[in-house]
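Contents: one structure, followed by commentary.
The values are calculated or read from the model by the stated rules, or taken from the named source; none is laboratory data. Note that the structure is a prediction, hence the values are computed from the model and not measured. Quick reminder, even Gly has a Cβ in these numbers, built from the backbone with ideal geometry, and neighbours come from all protein chains shown. Accessible surface is based on the protein model in full, side chains and every heavy atom, while ligands, DNA and RNA are left aside. Shrake-Rupley method; radii C 1.70, N 1.55, O 1.52, S 1.80 Å.
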Protein chains: 2
Amino acid sequence: MDADVAAVAGLFADRTRASVIAALLDGRALTAGELARACDVTAATISAHLRRLLEADLVAVEAQGRHRYYRLADERAGRAFEALAVLAPVRPVRSLRQSRVAASLRAARTCYDHLAGHAGVRLAEAFVSRGILGPDGFPLLDPDTLTSFGVDVGAAGRSRRSFAHPCLDWSERRHHLAGALGAAVLTRLVELEWLIRDRSSRAVRVTDAGREGLRTRFGCELG
Amino acid sequence: MDADVAAVAGLFADRTRASVIAALLDGRALTAGELARACDVTAATISAHLRRLLEADLVAVEAQGRHRYYRLADERAGRAFEALAVLAPVRPVRSLRQSRVAASLRAARTCYDHLAGHAGVRLAEAFVSRGILGPDGFPLLDPDTLTSFGVDVGAAGRSRRSFAHPCLDWSERRHHLAGALGAAVLTRLVELEWLIRDRSSRAVRVTDAGREGLRTRFGCELG
DNA sequence: ACGATATTTGCGCTACGGTCGAAATATGGA
DNA sequence: TCCATATTTCGACCGTAGCGCAAATATCGT
């Protein structure tokens, strides 16, 4: 019994692995590369750590394209982390910057080259409500509305990549719009300055004009 | 934050230290030597581990004579241990033998050379109830009853060691009788075969005759 | 098919920590 | 005072594990 506990504790007993678990605590899934940057180690190092966490079923992985999204497998790892944290001598105030970044990522972010997060999910749902996209597999039903909005639908259609498909959003647990069409929509939204991409992260800020425009043009309320 | 968690987790991430915590989980306090035997390492090794656990405030120590009793400082360490244990892959059945030994130690055991555990505490309380011992500091008020019972009170009085004093009982959180008088009482109880000492541990078994005798002679109910 | 990006694997280097034996320290009891 | 027992400290050995570099593998998008 004690041997097993020691082995499990060893998974938490490394600064890098503890950072990985801390980064995943809120239930989001992050790519290996994002975790490497968050923990300030190379991709090789983070890969080795993720492998160990994976083998112990502390985390789960889901491949999505060339990314591999890692998340905590269940609530047990988080509970153990918290039980250990209460034993930590000094209680450093939870990094405000860190949590601010996490919050902004949840609000809106890029996923590859399309919009994700709360805004991405809401926009996709608005497209479905307006009949622009079909509810199942996000087929484009009404190209004219997007074209008149300035989205280069034709170019997106000529691209060899997937035209439009749903992509599971990890912070919202719902789908947002991916594929060439999703990329074209994001491009247009940035062009209009309805969205502004953060330089150092995947976060995207919705401007006042963007919030207003999304509501009036697509009936999309960002809450 | 993650660095601190890693450091704390490191305390659990060693087989020996995990065994120490597991041995203390039920709230009992054990001596350094007992822990060394339980973990199958030398006294030097256990001492180093206890030092680390002590500096992290995971355990607390109380010196009692030449023994040093270690116990978990509070419930946090136990909670963390359990949170880690639920992550351990296989769940080895809790050793029956181990828990049987623990139960018998709680029932009755020797502490140095006197009786401790449930039986020790109950007997001391019975002595106080009967006016044999005073309630404060356990002074011997009625030597005759013990002498007629066969306890060599005279020899105990001539010993240079402390004659009679209360000793905090870790499993009962009450006091039992220590000192030369306590040793003399234990000697007599074993002599009468009211108690039988285990060969390999500090456990003491109360015989049927002992249970009966303690009740009729001293009004001591062992529950 | 090709280049770019993401991730994993193999390898060697280094450092940290767990272990024990021996010696030092503390306490109890004769 | 002296010996026995309990515990800690010191010093050295050794295995393990984390690290980055470089190369291999996988997938995307043109």
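At-a-glance table
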quantity: Qualifying positions in region B:121-146 - of a type in the set (A, V, I, L, M, F, W, C) and at pLDDT 90 or above; calculated: B:L123, B:A124, B:A126, B:F127, B:V128, B:I132, B:L133, B:L140, B:L141, B:L146
quantity: Residues satisfying the stated conditions in region B:76-101, i.e. open to solvent by 80 Å² or more (accessible area, probe 1.4 Å) and either at pLDDT 85 or above or within 19 Å of the chain's Cα centre (by Cα) (or both); calculated: B:R97, B:Q98, B:R100
quantity: Residue count, region B:18-47 (criterion: outside any helix (DSSP H, G or I) and open to solvent by 40 Å² or more (accessible area, probe 1.4 Å)); calculated: 5
quantity: Tally of residues being open to solvent by 30 Å² or more (accessible area, probe 1.4 Å) and either under 14 Å from the mean Cα position of the chain (by Cα) or touching a residue at least 24 places away in the same chain (Cβ under 8 Å) (or both) across region A:62-75; calculated: 7
quantity: Residues that are buried (at least 18 other Cβ atoms within 10 Å of the Cβ) and in a helix (DSSP H, G or I), drawn from region A:188-217; calculated: A:L189, A:G210, A:G213, A:L214
quantity: From the options B:L25, B:L30, B:L50, residue that is in contact with a strand residue (DSSP E or B) (Cβ under 8 Å, 6 or more places away or on another chain), closer than 30 Å to B:S162 by Cα and more than 13 Å from DNA strand C (Cβ to nearest atom); calculated: B:L30
quantity: Meets criteria (within 13 Å of chain A (Cβ to nearest Cβ) and within 13 Å of DNA strand C (Cβ to nearest atom)) for B:L11; calculated: yes
quantity: Odd one out for A:V20, checked against (1) within 23 Å of B:A18 (Cα to Cα); (2) within 12 Å of chain B (Cβ to nearest Cβ); calculated: (1)
quantity: Meets criteria (at pLDDT 90 or above and more than 7 Å from chain A (Cβ to nearest Cβ)) for B:H67; calculated: no
quantity: Filter pass, A:L50 being out of contact with any Asp or Glu (no Cβ under 6 Å at 6 or more places or on another chain) and within 14 Å of chain B (Cβ to nearest Cβ); calculated: no
